[in-house]
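Taken together, the values in this text are just the output of simple stated rules run on the coordinates, not laboratory data. Computed from a predicted structure; not experimentally measured. Cβ atoms come from the backbone with ideal geometry, glycine included; neighbour counts cover every protein chain shown.
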Amino acid sequence: MNLDPNQITSYANTFAQVLIDYSPKLISAFIILIAGLYIIRLINRFIRTLMVKRDLDPTLTRFLADILLWVLRVILFVSFISKLGIETSSFVAILGAMGLAVGLSLQGSLSNFAGGMLIILFKPFRVNDTIEAQGVTGTVSEIQIFVTKLITGNNQTIFVPNGALSNGNIINYSMEKIRRADLTIAISYDTNIKIAKDIITKVLENNPKVLKTPEAEVAVKILTDNAIQLAVRPWATNEDFGNVCAETLQGCKEAFDIAGITMQPFVKESSFTSNTAT
């Protein structure tokens, strides 16, 4: 194949002219790209520092910072190719369709992610708090992006989805420093109520784990067909709560035995059953 020198020269001149005409766009596009990458790095570093100062969860900090990083990179890439003169409308439409498809397929996961962010931002509970939610009770071991890890009283691990957790009722037993036990002791109708109340009060006073303030309460709760139910409500710190419940019941039984008072065959522990396991 014979190449015409004049044709080669014509192609070279055309290419050089196109390069000269296009070089301002090319140079400005790469200036935008380099400057944009530097600015994105500064923004990402600033956001990470700000979230650390706000004492956000490290997992959420890294995740949000990475999302922001890639969002800014996509915006920079679209600006870069737009500056080169490439049509971006189709590209943006494709990205939108992909985002919609991913969002629909990960709807449950996105709900859990949003729930995790709400939990970390508004802090209804923290790590090491004892909570009751979604029918389970345990100590918060870790707050992850999609699930919260609980350790139960018998050392079982439970993962609760953050979406359901953030939208449901949460009982936080550790948010306040002290707790009140709600115990019920049943005695027969042959028992003198005042003597029984005095014995229970003495048991509470002799227990150093029972707080003096707020004052413990002993009162008649209800009169059933076969028993007088006494409400026993001592206060204790979160650390001593379980021991106070157990020691109160044991102390009352031993004191009643000494006094010759017979307790009914059942003892209903309204809060003790569900809370002491924590």
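Dividing the alpha-carbon radius of gyration of the range 124-172 by the rule-of-thumb value 2.2 N^0.38 Å gives 0.97.
Each peptide in 40-50, 121-131 was scored by the mean count of other Cβ atoms within 10 Å over its residues; highest first, the order is 121-131, 40-50.
A simple rule links phi to the HN-Hα coupling: the Karplus curve 6.51 cos²θ - 1.76 cosθ + 1.60 with θ = phi - 60°, which for the range 172-182 gives 9, 7, 9, 5, 9, 6, 10, 9, 10, 7, 10 Hz, with x for Gly and Pro. Backbone geometry of the range 133-146 corresponds, through the Karplus equation with coefficients 6.51, -1.76 and 1.60 at θ = phi - 60°, to 3J(HN,Hα) couplings of 7, 6, x, 10, 10, x, 9, 5, 9, 7, 9, 9, 5, 9 Hz, x marking Gly and Pro.
Each residue of the range 185-194 is assigned a 3J(HN,Hα), and the resulting list reads 10, 9, 10, 7, 6, 7, 8, 6, 4, 5 Hz, derived from the Karplus form 6.51 cos²θ - 1.76 cosθ + 1.60 (θ = phi - 60°), x at Gly and Pro. Charge dipole of the range 122-270 (Cα centre as origin; +1 on each Lys and Arg Cβ, -1 on each Asp and Glu Cβ, all else neutral): 300 debye, rounded to the nearest 20. Ranked by the mean number of other Cβ atoms within 10 Å per residue, highest first, peptides 170-177, 247-254, 231-238 order as 231-238, 247-254, 170-177.
In this structure, the amide hydrogen of Thr148, modeled 1.01 Å from its nitrogen in the peptide plane, lies closer than 5 angstrom to those of Val160, Asn162, counting only residues at least 5 positions away or on a different chain.
Remark: spin-label model distance Ala93-Ile47 equals 2.9 nm, labels positioned 7 Å along the Cα→Cβ axis.
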